[in-house]
Amino acid sequence: MTDEGNGAAQSLRHRKSRITEVRLDDLYVDNDFQRALNPNKVNKIKDSYHPQGIGYLLVAGIDGRNPATVGGRYAVIDGQTRWKALHELCAEVSEGQRLVEGGLPATVGVELFEELTVPEAALLFRLRNDQRPVSPKERDRIMVTEGNPIMVEVVKQAADAGYIVFPEDDDKPSTMPHVNEAKRIVTWGNKYKRPQLLVEALTIQAQAFGTKPGDVDKQILQATADLLRKNDNLNEEELARVMALPGVTGLRAEAEALAARINKRMHGCIQIVLAEAYNKGKRGKLDKIRP
């Protein structure tokens, strides 16, 4: 999967930046293309503050963002922890809670892009953070903002089946957290001319197990998508019924027992167990499915 497949990768090539100084109050953090802030790292910077330790922040004006609404002219693309530390330090010094030798600057050095689109800013964040410990979950979320076609499709098809991949409220867990498996299924769907494969597989999961956190099993999800891909005659309601009878725990137990007997991977064993249960009582070859 490369960046060449989306427009942001091409348009960003033509954007130019410059080194300058901007006021701290002109900066803000946009969560559409930022990882979660670590308050311990903010406090560490504050406690060991040195003016030469801040360096340049990477910032940009974001097309369509109203400064009055978002709280600043330029979004921090890289350096939000340093900006947050400086911002808090200024407030603490102003209120007499902390003393800083030599005082604090009203401006900070930045590499500034005057204007970027939201997808360009998301891509720039990812490019500048590829060598840093950004979690896969955060990177996938930002790829959605960037406009990555696979990730956009993952979120859309999951939503169509009643699941949430990246909740807007951080206090609520994702109901479909298996992003790597979902990306794989979307890729299969594109390859085998079945563009709705993920939503089909997730709909069966929803009917069989529900849509609450923990209801989706990633191996059963992959096995379901594989069965759909191999069997054009598969009745989705019937497969959901077959799954619901043993439930996730019972189905996995049957597959694990089979895997121990025939030395086959769980993914394949789940398909065998499901196909046998689905085919039970069916006589005609056209009614049966193959694992």
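Computed quantities for the displayed model
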read-out: Positions within the range 61-97 being of a type in the set (A, V, I, L, M, F, W, C) and more than 14 Å from D25 (Cα to Cα), in sequence order; value: I62, I77, V93
read-out: For T211: the one exception among (1) among the hydroxyl-bearing types (S, T, Y); (2) in a helix (DSSP H, G or I); (3) surrounded by fewer than 20 Cβ atoms within 10 Å (Cβ to Cβ); value: (2)
read-out: Members of the range 252-263 that are loosely packed, with under 15 Cβ neighbours inside 10 Å and free of Cβ contacts under 8 Å to residues at least 12 places away in the same chain; value: A253, A257, A260, R261, I262, N263
read-out: Qualifying residues in the range 218-237 (those that are among the acidic types (D, E) and assigned to a helix (DSSP H, G or I)) - the one nearest to K193 (Cα to Cα); value: D226
read-out: Lone qualifier among A201, A240 - being buried (at least 21 other Cβ atoms within 10 Å of the Cβ), in the same structural domain as N180 (by TED's automatic domain parsing) and not in a loop (DSSP other than H, G, I, E, B); value: A201
read-out: Residues satisfying the stated conditions in the range 118-155, i.e. part of a loop (DSSP other than H, G, I, E, B) and touching a helix residue (DSSP H, G or I) at 6+ places or on another chain (Cβ under 7 Å); value: G147
read-out: From the options V179, V108, V165, V186, residue that is in contact with a helix residue (DSSP H, G or I) (Cβ under 9 Å, 6 or more places away or on another chain), buried (at least 20 other Cβ atoms within 10 Å of the Cβ) and assigned by TED's automatic domain parsing to the domain that holds I77; value: V108
read-out: The range 6-20, subset surrounded by 12 or more Cβ atoms within 10 Å (Cβ to Cβ) and not polar (S, T, N, Q), residue nearest to E168 (Cα to Cα); value: A8
read-out: Residue in the range 21-30 that is nearest to R82 (Cα to Cα), counting only those that are of a type outside the set (A, V, I, L, M, F, W, C) and surrounded by 15 or more Cβ atoms within 10 Å (Cβ to Cβ); value: Y28
read-out: Top-ranked residue in the range 93-124 [being acidic (D, E) and touching a residue at least 24 places away in the same chain (Cβ under 8 Å); ranked as farthest from V59 (Cα to Cα)]; value: E120
read-out: Residue in the range 188-203 that is touching a Gly at 6+ places or on another chain (Cβ under 9 Å), modelled with pLDDT under 95 and not charged (D, E, K, R) present; value: no
read-out: Test: K282 is at pLDDT below 95, outside any helix (DSSP H, G or I), loosely packed, with under 15 Cβ neighbours inside 10 Å and at positive phi; value: no
read-out: Enumeration of residues in the range 74-92 that are closer than 12 Å to F113 by Cβ and of a type outside the set (A, V, I, L, M, F, W, C); value: Y74, D78
read-out: Per-region count, the range 71-92, residues in contact (Cβ under 8 Å) with a residue 40 or more places away in the chain and in contact with a Gly (Cβ under 8 Å, 6 or more places away or on another chain); value: 3
read-out: Filter result (in a helix (DSSP H, G or I) and either among the small types (G, A, S) or buried (at least 16 other Cβ atoms within 10 Å of the Cβ) (or both)) within the range 81-98; value: T81, R82, W83, K84, A85, L86, H87, E88, L89, C90, A91, S94
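This table checks each residue for (1) of a type in the set (D, E, K, R); (2) farther than 18 Å from P119 by Cα; (3) modelled with pLDDT of 90 or more.
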site	(1), (2), (3)
A8	no, no, no
H14	no, no, yes
Y28	no, no, yes
D32	yes, no, no
N40	no, yes, yes
D47	yes, yes, no
V59	no, no, yes
I62	no, no, yes
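The values are calculated or read from the model by the stated rules, or taken from the named source; none is laboratory data. Please read all numbers here as calculations on a predicted model, not as lab measurements. Ideal geometry is used to build each Cβ from the backbone, glycine not excepted, and the neighbour counts take in all protein chains shown.
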